[in-house]
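Colleague: Before I ask anything, here is the structure I am working with.
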Amino acid sequence: MKIRPSKISALLKLSIACFSVLFVTSCGVVPKNYPKNKPFVFETNISVEGNFTNEERGHLESQLENQLEDSMLARTASKFTLKRLLFFHKSLDKPPAFDSSSAVKSIEFMQRLLRSSGYYYGDISYNYTIDTVKDQQRTKVNFIAKPGKLMTLDTVIYKFSKAEIQDIVEKNMKDAQVKKGDAFAKIAMTTERDRLVELFRNSGYLRFTGTDIMGLWDTLDVSLLQPSLDPFEQIDLLEKIKSRQENPTANLEYRFKPGVDTSRLIKFYIGNVTMYPEVTVDSAFTINRTLLLDSGRFKIVYSQDIFNPGFLHRNFYLRHGNLYSQKDLVRTINRYNALGAWKLVSIEPKIRGATDTVDFEARLSPADKYAYSLTLEGTRNQSAITGDLWGMGLNLAFQNRNFARSANNSVTTFRYGIEFGGGRGIQTQTFLLNQNIYFPRFIAPNFIKPSIHFRDNARTIFSFGGGITDRIDYFNQKTINVSWGYQYEWNNKSITFLLPNFEYSVLLPRDSLNALFATNPIYKNQFTDGLILSAIARYNVNWGKPNRLNFFRLNVEQSGVFTGVIKNKFFDTNLYRFIKVEAEISRKMILKKWNDGLAKKVLAMRMMVGIGYELGATENPNKRNNMPFFKSFYAGGPNSMRAWQLRRLGQGSVIKEFNGSGSTPERYGDVQFEGNIEYRFHLFKYAGVKFNGALFTDMGNIWYLKKEAVPATPEEQVAVFKLSRLGTDLAIGMGMGLRVDFSLFILRLDYAYKVKDPSPEPASAYKQNKWFYDFQLFNGTLQLGINYPFVL
């Protein structure tokens with residue numbers, strides 16, 4: 001059945017009109033399991049009155065709502081059921097019975113919140129109405145909050161009787177959490193007290209705690225109580241009193257508590273360290289040897305001797321003779337935890353008698369040294385070169401968490417994959433072996449002096465590996481790669497920099513590929529031997545709230561830009577000189593959760609842009625106009641444009657055969673744009689396995705960047721990217737999917753339709769860029785995938 005665009009427009013307008021009617025007529029709340037013929041909480045409203053901005057008012061109302069008693073909450077859930085004529089409605093299940101005492105208690109909680117936020121003259125009241133609907137007594141409760149004027153700080157004073165502590169405070173005033181003009185709020189004052197305690201403990205005062213400090217405040221100016229006979233002074237006092245009533249202020253002073261224990265005011269210095277790096281249940285009975293470092297000040301007690309002593313000492317940041325700092329203690333504990341070689345880290349201070357010296361005892365429980373993982377995955381790839389292929393991949397990973405006895409993480413991975421189909425058995429075999437060693441420190445020449453924060457969060461990466469891909473009748477490709485680089489992580493961000501990155505590929509074409517070379521020169525330019533000497537930079541960041549997650553990544557790679565100055569026959573023949581940039585942003589919005597906090601309804605979005613430019617300085621003319629195929633972009637498949645099979649979309653709006661003379665069986669490009677939106681929802685649960693559904697839309701394409709990459713004919717040049725043709729060249733697909741969640745992995749089946757196809761085969765040229773053309777039930781594409789199609 002073919003649907004004309006005019007009919008689609010009419011159907012779309014009718015659908016929007018019907019949906020609007022349904023939406024307007026279905027905005028009611030349906031109570032269930034309510035107390036019959038008794039008042040129950042049907043709706044609760046909180047309004048804040050006063051001179052507030054919309055943002056301030058909304059924030060206060062949200063905070064006050066969190067103070068409501070549970071029996072004052074009317075929790076509703078959105079429903080969409082056939083039982084109610086396909087109407088959307090809100091369900092109110094088991095609403096609590098209305099109790100005025102709960103309303104009064106809620107007001108008490110709200111008033112405490114207002115006072116702790118600086119509103120000391122606020123007033124909160126409530127009223128309610130009861131609407132009777134059959135046997136329902138629907139109670140609507142309204143809380144009215146009048147916070148009044150915000151009390152602010154007029155002066156903040158620090159007065160500590162110990163001169164050295166007073167000096168520490170004054171030198172760090174820029175970090176103060178309370179200042180003149182701030183709200184006189186309990187949370188801010190407590191935060192400032194905690195800052196002072198941390199400041200003192202980082203300055204040697206090991207025993208100092210929050211109980212040794214107090215904050216004094218007054219909300220009345222003492223001068224206003226002084227009598228005066230001068231009429232002019234009396235007028236000034238009356239003006240001050242009036243001003244205080246209109247703009248209430250307070251004075252705040254931090255000081256030691258009366259009678260503070262003088263031992264809390266002793267500065268401590270680091271003494272000796274005793275470390276037990278291999279603590280187990282029986283380690284106390286199997287002490288093997290004791291090793292002394294740093295002139296006997298750092299003692300290591302071994303039971304198995306599995307850790308390098310220099311490595312243990314290097315990562316302990318509390319150094320003999322230094323002033324005690326809580327920051328250094330926390331940094332040391334975090335460092336040993338981050339190394340991954342231990343599952344439990346405990347470091348305890350031991351004050352040495354009546355001195356100002358503190359020793360430390362460190363007990364570290366090792367994690368399992370070795371770990372293994374074995375995974376099996378399935379793929380489907382419809383390739384014009386090799387036909388309709390089904391594949392299986394076996395991945396084996398071996399991890400050593402204490403490589404070279406220094407908590408270096410060594411990961412060895414092996415992959416074997418096969419693809420079979422076309423009635424001829426195995427069509428493709430892949431063997432990959434990679435070795436990655438992660439050194440938990442920044443390894444560089446001594447003259448490079450990174451910051452402490454960088455040293456704690458950086459690691460060095462050394463990788464090498466190789467692989468063989470064998471496609472029956474087409475080619476045998478052997479690859480080798482070696483790289484050295486660094487990864488730096490902080491907060492929710494990470495940067496990876498690889499220099500150098502060495503990749504070399506040897507391609508041995510067979511008869512079928514040679515036949516393609518003869519009829520399609522583009523393939524000869526893409527499928528070649530290749531040498532890459534590059535630098536790679538990657539930046540990742542994630543942010544947002546638990547219900548609104550965001551992820552962004554940026555990859556930049558350049559090859560041959562610096563090594564291009566080296567002239568020799570091998571480089572001129574093999575070296576690729578290019579710049580490649582790739583950016584991706586994803587957003588995941590959790591629309592509804594289960595009671596256990598897991599997502600029930602999710603809206604996920606993604607946009608990706610990539611561009612690769614082969615530099616004109618590339619000596620080999622076969623490599624000058626295209627990116628190498630193993631660095632090129634492609635679209636289609638289970639993780640991209642799902643209405644198209646893998647590498648069967650593009651380039652641009654070109655119309656070419658996938659088979660035969662002059663064909664392009666697999667499509668690669670130098671430019672890619674793609675956008676995806678996916679709505680995920682729960683269907684049912686069976687035998688502990690969750691079955692989820694999805695509706696999605698994909699949009700994008702790939703292009704060549706250089707016009708020299710293709711013949712200079714109008715039919716071929718539409719494969720080259722032009723911004724003016726972007727709307728025409730974009731492919732659009734939409735479909736539905738099933739996700740079977742086994743917890744460890746997700747099995748994904750997607751069925752998608754081509755809504756707009758810019759690059760069909762010549763036999764279907766009449767379909768090009770026609771919306772919903774030949775839109776039939778069984779005209780879609782089935783994709784099999786593992787886990788979600790993009791990051792979030």
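Colleague: For the stretch 575-583, indicate whether the set of residues that are basic (Lys, Arg) and open to solvent by less than 10 Å² (accessible area, probe 1.4 Å) is non-empty.
Modeller: Yes: the stretch 575-583 contains one or more residues that are basic (Lys, Arg) and open to solvent by less than 10 Å² (accessible area, probe 1.4 Å).
Colleague: Would you mind stating whether ILE468 is at pLDDT 90 or above, out of contact with any His (no Cβ under 7 Å at 6 or more places or on another chain) and surrounded by fewer than 18 Cβ atoms within 10 Å (Cβ to Cβ)?
Modeller: So ILE468 fits the description; yes.
Colleague: Given the residues PHE629, PHE673, which is the only one that is at pLDDT below 85, under 30 Å from LEU792 (Cα atoms) and not acidic (Asp, Glu)?
Modeller: Exactly one residue qualifies, and that residue is PHE629.
Colleague: Of these, SER505, SER586, SER534, SER494, which one is within 26 Å of ASN625 (Cβ to Cβ), among the small types (Gly, Ala, Ser) and touching a residue at least 40 places away in the same chain (Cβ under 8 Å)?
Modeller: Unique residue meeting the criteria: SER505.
Colleague: I want to confirm something. Restricting to the stretch 446-477 and keeping residues that are among the small types (Gly, Ala, Ser) and touching a residue at least 24 places away in the same chain (Cβ under 8 Å), which single residue is nearest to GLU489 (Cα to Cα)?
Modeller: So, considering only residues that are among the small types (Gly, Ala, Ser) and touching a residue at least 24 places away in the same chain (Cβ under 8 Å), the one nearest to GLU489 (Cα to Cα) is ALA458.
Colleague: Quick one: what pairs do we get from the stretch 763-792, first residue modelled with pLDDT of 85 or more, second in a loop (DSSP other than H, G, I, E, B) and among the β-branched types (Val, Ile, Thr), C-beta under 7 Å, 6+ apart or different chains?
Modeller: ALA765/ILE655; GLN768/ILE655; PHE772/ILE3
Colleague: Give me the pairs: first residue in the stretch 671-691 and farther than 30 Å from ILE579 by Cβ, second residue in a strand (DSSP E or B) and acidic (Asp, Glu), beta-carbon distance under 6 Å, and six or more apart or on different chains, which are they?
Modeller: Between residues of the stretch 671-691 that are farther than 30 Å from ILE579 by Cβ and residues that are in a strand (DSSP E or B) and acidic (Asp, Glu), the close pairs are LYS690/ASP741.
Colleague: Please name all residue pairs, on different chains or six or more residues apart, with Cβ atoms under 7 Å, provided the first residue is in the stretch 123-149 and is assigned by the TED database to the domain that holds PHE42 and the second residue is of a type in the set (Val, Ile, Thr) and open to solvent by 40 Å² or more (accessible area, probe 1.4 Å).
Modeller: GLN137/ILE130; ARG138/ILE130; THR139/ILE130; LYS140/THR129
Colleague: Residue check: is LYS449 basic (Lys, Arg), open to solvent by 70 Å² or more (accessible area, probe 1.4 Å), more than 22 Å from TYR539 (Cα to Cα) and within 32 Å of the chain's Cα centre (by Cα)?
Modeller: Answer is yes for this residue.
Colleague: Additional query: State yes or no: is LYS690 open to solvent by less than 50 Å² (accessible area, probe 1.4 Å) and more than 20 Å from PRO789 (Cβ to Cβ)?
Modeller: No.
Colleague: How many residues does the stretch 411-445 contain that are open to solvent by 50 Å² or more (accessible area, probe 1.4 Å) and modelled with pLDDT under 80?
Modeller: Total meeting the criteria: 5.
Colleague: Just checking, does the stretch 354-362 include any residue being loosely packed, with under 13 Cβ neighbours inside 10 Å, free of Cβ contacts under 8 Å to residues at least 60 places away in the same chain and not assigned by the TED database to the domain that holds ASN402?
Modeller: Yes, the stretch 354-362 has at least one match.
Colleague: If you scan the stretch 256-303, which residues turn out to be of a type in the set (Val, Ile, Thr) and at pLDDT below 85?
Modeller: Matches in the stretch 256-303: THR280, VAL281, THR286, ILE287.
Colleague: Here is a further query. Which one of SER724, SER764 is more than 30 Å from PHE681 (Cα to Cα) and open to solvent by less than 40 Å² (accessible area, probe 1.4 Å)?
Modeller: The conditions single out SER764.
Residues are listed down the side, and each one gets a yes or a no for (1) in contact with a strand residue (DSSP E or B) (Cβ under 8 Å, 6 or more places away or on another chain); (2) closer than 18 Å to TYR613 by Cα; (3) surrounded by fewer than 17 Cβ atoms within 10 Å (Cβ to Cβ):
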{"site": "THR496", "(1), (2), (3)": "yes, no, no"}
{"site": "PHE502", "(1), (2), (3)": "yes, no, yes"}
{"site": "PHE517", "(1), (2), (3)": "yes, no, yes"}
{"site": "ILE532", "(1), (2), (3)": "yes, yes, no"}
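Colleague: Also: Which members of the stretch 228-255 meet the condition of being at pLDDT below 65, among the acidic types (Asp, Glu) and not in a helix (DSSP H, G or I)?
Modeller: ASP230
Colleague: Next up: When you scan the stretch 97-208 for helices (runs of 4 or more DSSP H) that lie fully inside it, which ones turn up with 3 or more residues that are among the aliphatic types (A, V, I, L, M), buried (at least 16 other Cβ atoms within 10 Å of the Cβ) and touching a strand residue (DSSP E or B) at 6+ places or on another chain (Cβ under 7 Å)?
Modeller: 100-116, 186-201
Colleague: Find all pairs meeting these conditions: Cβ atoms under 8 angstrom apart; at least six residues apart or on different chains; first residue within the stretch 298-313 and part of a loop (DSSP other than H, G, I, E, B); second residue open to solvent by 50 Å² or more (accessible area, probe 1.4 Å) and of a type in the set (Gly, Ala, Ser).
Modeller: ASN308/ALA404
Colleague: Separate question: With (1) modelled with pLDDT of 90 or more; (2) open to solvent by less than 60 Å² (accessible area, probe 1.4 Å) as the list, and GLY393 as the residue in question, which single condition is left unmet?
Modeller: (1)
Colleague: Hey, another quick one. Among the numbered criteria (1) among the small types (Gly, Ala, Ser); (2) closer than 23 Å to LYS767 by Cα; (3) not in a loop (DSSP other than H, G, I, E, B), which one does ALA694 miss?
Modeller: (2)
Colleague: Look through GLU584, GLU614 and report the one residue that is acidic (Asp, Glu) and within 24 Å of LYS524 (Cβ to Cβ).
Modeller: GLU614
Colleague: For the stretch 608-656, enumerate the residues that are open to solvent by 30 Å² or more (accessible area, probe 1.4 Å) and not in a loop (DSSP other than H, G, I, E, B).
Modeller: Once the filter is applied, which keeps residues that are open to solvent by 30 Å² or more (accessible area, probe 1.4 Å) and not in a loop (DSSP other than H, G, I, E, B), the stretch 608-656 yields VAL609, ILE611, TYR613, PRO621, ASN622.
Colleague: Yes or no: ARG84 surrounded by fewer than 16 Cβ atoms within 10 Å (Cβ to Cβ), within 26 Å of ALA145 (Cα to Cα) and modelled with pLDDT under 80?
Modeller: For ARG84, the condition - surrounded by fewer than 16 Cβ atoms within 10 Å (Cβ to Cβ), within 26 Å of ALA145 (Cα to Cα) and modelled with pLDDT under 80 - is not met.
Colleague: Looking at the stretch 652-677, which of its residues are of a type in the set (Asp, Glu) and in contact with an Asp or Glu (Cβ under 9 Å, 6 or more places away or on another chain)?
Modeller: Hits for the stretch 652-677 are GLU657, ASP670, GLU674.
The values are calculated or read from the model by the stated rules, or taken from the named source; none is laboratory data. In this text, all values refer to a predicted model and were calculated from it rather than measured experimentally. Neighbour counts are summed over all protein chains in view; Cβ atoms, including those assigned to glycine, are modelled from backbone coordinates with ideal geometry. Quick note on the areas: whole protein, heavy atoms, side chains included, nothing else; ligands and nucleic acids left out. Shrake-Rupley method; radii C 1.70, N 1.55, O 1.52, S 1.80 Å.
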